[in-house]
Amino acid sequence: MNRRTFLALAGLVATGCATEDRTGMTLWMWSGGLSEKVLEEAANRFPGLRPLQVGAAFKSKLMTNLAGRSHVPDITGLKGEDISAFFPNADEFVDLKTLGADRLREQYLGWKWQQGCTAEGKMIGFPIDTGPTGLFYRADVFDRFGIRGDALRTWDDYFDAGVELKREAFMILNLRMVFIMAMAQSKRQLVDESGRYIGGDDHVRHAWDLAVRAQRLGINAGMQDGSPDVNAALTTGKVPSMIGASWAAADLKSGAPDSKGAWRVAPTPGGAANYGGSFLGITKYCREPERAFEVITWLLSPDRQTQGFVDLNLFPSTPDTFARPELRQPDDFFGGQIIVDTFAESAKQVPIAYLSPYEVRLAWAFHEELSSVETMGKPPEEAWRDAQSRARRIADHVGLT
Amino acid sequence: MRKYLPQYLAISPFFLLFGIFGLFPMLFLLYLAFQNWDGVGAMRFVGLDQFRYLVSDDVFWRSLVNTLEIWVLSTVPTLFLGLVIAFVLHSSVRFTTFYRIAYFVPSVTSLVAVAIVFGSIFSSNFGLLNAVLNALGAAEVPWLTSEWGIKVSISALIVWQWTGYNAIIYLAGLQAISSDVFDAATVDGASRWQTLWRIVIPMMKPVILFTVIASTIGGLQTFTEAQILVGEEGGPGQAGLTMVLYLYQQAFKHNDFGYGAAIGVGLFVVVLLFSIINWRLVQRGERA
Amino acid sequence: MRRPKVIQHSVLGLGVLLSLFPFYWMVVMATNSTEEILKFPPAVTPGGELLTNVGKVFTEIDFFGSMLNTFLAATGATVLVLLFDSLAAFTFAKFHFPGRTFLFVLLLATMMIPPQLSAIPQFVVMAQFGWVGSLKALVVPATINAFGIFWMRQYIAGAVHDELLEAARLDGCGFLRQYWHVGLPVVRPALGFLGIYTFISVWNDYLWPLVVLVDPDELTLQVALGQLNRTHDTDYSMVMAGTVLAVIPLLIVFLIGARNFIADLAKGAVRG
């Protein structure tokens, strides 16, 4: 290959060209992100719509195709943790407001709607599901200690209860969970609207201190998320609680089936929060944006969201559906409790926070140092300083002030 | 030049495709390492910025050290055990087909499935290995939550998967040595050990060189094993963060393709360096 | 002579146990329900759920359709690799020509690029060729198997003796006939391994086919199996059942390819 050909090819990558002859309309989603039944129905209803389910490595495929600027899907799923990273390139997506999204705004949760919009007001992601959080706890263990799960309203209450059952069990799964949830309860994250790094501010320090306190009180099990240890600990009651999003109920059911009936859900100590949830976006390569918008709004209408909850436990972003009988089913795993009610309350109170494109990348520095505190006994103050210097370095690298 | 025409023709189909699918990606990587690119928007030339950040990035250096440690922990046992198994298989007659398949199974099994299994073996509180250690009266080891535990677990997975594979390669190498060599040595009264050391190993040198270089290149690119065992962040203390895992994280998770490419170039240099060292080491014996 | 054999077989037997244990566990997982394997303590012996799990795999994905795709791609790549790579390797191993070392080093250098990154430029090339979504995109790049060339070169360097080639040359054999009559017969075991290796790597590759195949009806087996991994609430028993099924064809291919070694071993057995 000579130099000119190379530069031409490299140039194609850099400047972009979507030359392929495309027919129909493609929709990419990770497995389990949208109900298969609903997708199938959509494919029948909108001829030419071809949904593709991608398993692991969804992001790799999407990024490679976007980077190669070829065969980019017309409609794509965007994870909640990724969406803000696409904001600097909002022009790669169709602004859904230009397609009349605003007239549907009332049907969706305000904070969720906001998360799909850039600071300049462009809307690139349409709400799929949400992840309102709650406190999952073992009523059998709590009862023995005379602890009432729904009375644990603050982190202090929660930790105090943890100290009470310390002899027998660990209240906290790991420090990361405390930090993530405490941050999710905050209106401010790691970067503010003007592109300034605020990871050293009080709200972050507060979340950090909570995590460190759990360690100091000796109520932390220090287990890795998703490991067999976690499942065993939740089954045996060695860890009788966890703070998690609505979707964690499904993980709990499959991971700790033998503890069926013992679990309950209460409001999150310290206030409502959201963890997870996703969006659908239309890329600029889509040749029929109006039709794609029709597809999206059909897929994510309250009726389909209800179906999504029934099939996959996807918690709706449409508050009107919270009261539907399909959602308000007593759940045997939770002793017949209607857990949706608790999450619905939480969903309505989630604070609106500004999410910069770099939240996940910066938060990593804090998670990393907390895990050193937890597993290697690193002194918390030293860990905090290291977390700050790491986060600062990343902030400088990505051009934050 | 005409004299060499057949040779050039013989390699030309290969190199034609090579230019397109091998060389271009390589040059592209180099080009990318001088850009700032989030994979979606426009590229911006930033000169040596990415490399400046790279050399001052302690996470990069840690990932380099992790990678080398895991590589040594996995490659040495893999190649040694592979060689032993090959010799034993070569001299043993019965059930060889069974043995061969049994040893080959690990290398064809999907890594994702294997990692789930290894996750339950190494799990700290309820894992199989700790249960065995417990039964033997030994202390439990926090396999997936301590620095060396993580490295040993990842290495164990690699050893498990590739030992049989390398044994098969060595076996193929042993086939190439005619049985006359063995017979002649026996007539000379050489012991088994001497035959092995003086005659068989030197004759196997090209094949050994292949396995050493291949495991250098493959081992320094360890990715999936670590990703599935300890997650994309590399586990507690980043003990399982390998270079390719770090590269992948930066490029595909954080959309920083320019920096990902710079890590890729760093990786390239390291792999090249160790390949040259290993090549020299293995070849030296040949001249002596 | 009996005692050493006992030692040998016990060493080999121990290795077999270690080798097969994780596979055994996969079978345990594939034959139990997901609840059984995730709960504590988990099931440790095979259960009776295999047919249920396999049935689920067949309804969730087009197992045989994607298997056919994978088989075509893997076979195509294997044939091309055996053809091109052994010839190129023979040339590298036994002939001196200007640029030999340079080209060989260049070849090895491409092995040092992590495939995660080279996927992007490769994808661009594929898009330019209009091959995205077709099996060509899997077969043709797999042909430049640097590992394969390197392996063959090393094997040929040790196994094909220069005197034989010299003799053939004196007999008036040209380059191609030397390759065909002298080179190929000696390197059969190496070709067997190269074929198996190529077939398996194409069969098990995940990232590249995931990226380059776009039509939901034309996926490879690993990509289709990957669809079973949900973000939450994955049915591990079903995933394991699919994985075990996907390994079986590879074992058959291995048996066929390994005939080369086995035939040779039988010859060698005389000296035992």
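The values are calculated or read from the model by the stated rules, or taken from the named source; none is laboratory data. The structure displayed is predicted, hence computed values, not measured ones. Quick reminder, even Gly has a Cβ in these numbers, built from the backbone with ideal geometry, and neighbours come from all protein chains shown.
Details
- Residue match in the stretch B:78-94 (condition: closer than 21 Å to C:Met112 by Cα and under 20 Å from the mean Cα position of the chain (by Cα)): yes
- Set side by side, the residues C:Ala159, C:Ala146 differ, and just one is under 22 Å from B:Gly219 (Cα atoms) and within 9 Å of chain B (Cβ to nearest Cβ), which is C:Ala146.
- Test for A:Asp251: is it assigned by TED's automatic domain parsing to the domain that holds A:Glu164, crowded, with 21+ Cβ neighbours inside 10 Å and either outside any strand (DSSP E or B) or in contact (Cβ under 8 Å) with a residue 60 or more places away in the chain (or both): yes
- Residues of the stretch B:206-247 satisfying the condition of being among the aromatic types (Phe, Trp, Tyr), within 10 Å of chain C (Cβ to nearest Cβ) and in contact with a Ser or Thr (Cβ under 8 Å, 6 or more places away or on another chain): B:Phe223
- Meets criteria (closer than 29 Å to B:Trp143 by Cα and in contact with a helix residue (DSSP H, G or I) (Cβ under 9 Å, 6 or more places away or on another chain)) for A:Leu217: yes
- Condition met for B:Leu209 (closer than 30 Å to A:Arg176 by Cα, among the hydrophobic types (A, V, I, L, M, F, W, C) and touching a helix residue (DSSP H, G or I) at 6+ places or on another chain (Cβ under 7 Å)): no
For (1) among the aliphatic types (A, V, I, L, M); (2) buried (at least 16 other Cβ atoms within 10 Å of the Cβ); (3) under 27 Å from C:Gly183 (Cβ atoms), each residue gets a yes or a no:
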| site | (1), (2), (3) |
| --- | --- |
| B:Lys3 | no, no, yes |
| B:Pro13 | no, yes, yes |
| B:Leu16 | yes, no, yes |
| B:Phe24 | no, yes, no |
| B:Phe28 | no, yes, no |
| B:Gln35 | no, yes, no |
| B:Arg44 | no, no, no |
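- Subset tally (residues that are farther than 17 Å from B:Phe21 by Cα and of a type in the set (A, V, I, L, M, F, W, C)) for the stretch C:86-123: 8
- In the stretch C:205-231, the residues that are more than 7 Å from chain A (Cβ to nearest Cβ) and either charged (D, E, K, R) or free of Cβ contacts under 8 Å to residues at least 40 places away in the same chain (or both): C:Asp205, C:Tyr206, C:Asp215, C:Asp217, C:Glu218
- Residue count for the stretch B:8-37, restricted to those that are more than 7 Å from every other protein chain (Cβ to nearest Cβ) and closer than 17 Å to B:Ile263 by Cα: 7
- Meets criteria (surrounded by fewer than 21 Cβ atoms within 10 Å (Cβ to Cβ), modelled with pLDDT of 95 or more and either on the phi > 0 side of the Ramachandran plot or not in a loop (DSSP other than H, G, I, E, B) (or both)) for A:Gly261: yes
- In the stretch B:119-148, the residues that are in contact (Cβ under 8 Å) with a residue 40 or more places away in the chain and either closer than 17 Å to B:Thr109 by Cα or assigned to a helix (DSSP H, G or I) (or both): B:Gly119, B:Phe122, B:Leu144, B:Thr145, B:Glu147, B:Trp148
- Residues satisfying the stated conditions in the stretch A:220-240, i.e. touching a strand residue (DSSP E or B) at 6+ places or on another chain (Cβ under 8 Å) and surrounded by fewer than 23 Cβ atoms within 10 Å (Cβ to Cβ): A:Ala221, A:Gly237
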